[in-house]
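S.K.: Right, I'll just put the structure down here and ask away after.
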Amino acid sequence: MNVNIQAPSFTVTPGIEQRIRARFGTTLQRHGDAVIGTDIYLRDINGPKGGDDKLVTVRVRLRNQPDITIENTDEDLYRAIDRAAKRANRAVRRSIRKQSRLSRNELRWMRRSKETEPQPT
């Protein structure tokens, strides 16, 4: 899985990059081929003013499904990364389950419609 990190408002240290790759790599790798890639955007909203100003935006690209976008803001960048990873994992899991439910229902509908079709004599 490809993890792309962008941080236009500050430099990404090796520690931040390692944390991102560890959290998102292990968390989203569980979903196998369903996840194509992940884009992570880091931003310091207020600059040196302080406060809840570290914004982590995550876009997860899924196979045959719409992209999932998660945003999380926190005072501590590492905590924002961890929470965004957890939220992304839950959202991907929900999306995959929903897709599999839809696929099963479509198969049932197709089987039922074939059963009710008049058979040629």
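S.K.: Which is open to solvent by less than 30 Å² (accessible area, probe 1.4 Å), closer than 22 Å to Glu17 by Cα, in contact (Cβ under 8 Å) with a residue 12 or more places away in the chain and more than 11 Å from the chain's Cα centre (by Cα), of Asp76, Asp53?
M.R.: One residue alone meets the criteria, Asp53.
S.K.: With the checklist (1) open to solvent by 80 Å² or more (accessible area, probe 1.4 Å); (2) assigned to a helix (DSSP H, G or I); (3) of a type in the set (Ser, Thr, Tyr) in hand, flag the one item Thr11 doesn't pass.
M.R.: Thr11 satisfies every listed condition except (2).
S.K.: Going by the structure shown, is Arg30 of a type outside the set (Asp, Glu) and more than 21 Å from Thr11 (Cα to Cα)?
M.R.: yes
S.K.: Sticking with this one: I'm told Asn64 meets every condition in (1) in a strand (DSSP E or B); (2) exposed (fewer than 14 other Cβ atoms within 10 Å of the Cβ) except one. Can you identify the failing condition by its number?
M.R.: (1)
S.K.: Among residues belonging to the stretch 14-50 that are touching a residue at least 24 places away in the same chain (Cβ under 8 Å) and of a type in the set (Asp, Glu), point out the one that is most open to solvent (accessible area, probe 1.4 Å).
M.R.: Only one residue fits best here, namely Asp33.
The values are calculated or read from the model by the stated rules, or taken from the named source; none is laboratory data. As the structure is a prediction and not an experimental result, all values here were calculated from the model. Note that each Cβ is placed from the backbone with ideal geometry, even for glycine, and that neighbours are counted across all protein chains shown. Ligands, DNA and RNA are stripped out before the accessible areas are found, and what is left, the full protein with its side chains, is counted by its heavy atoms. Shrake-Rupley method; radii C 1.70, N 1.55, O 1.52, S 1.80 Å.
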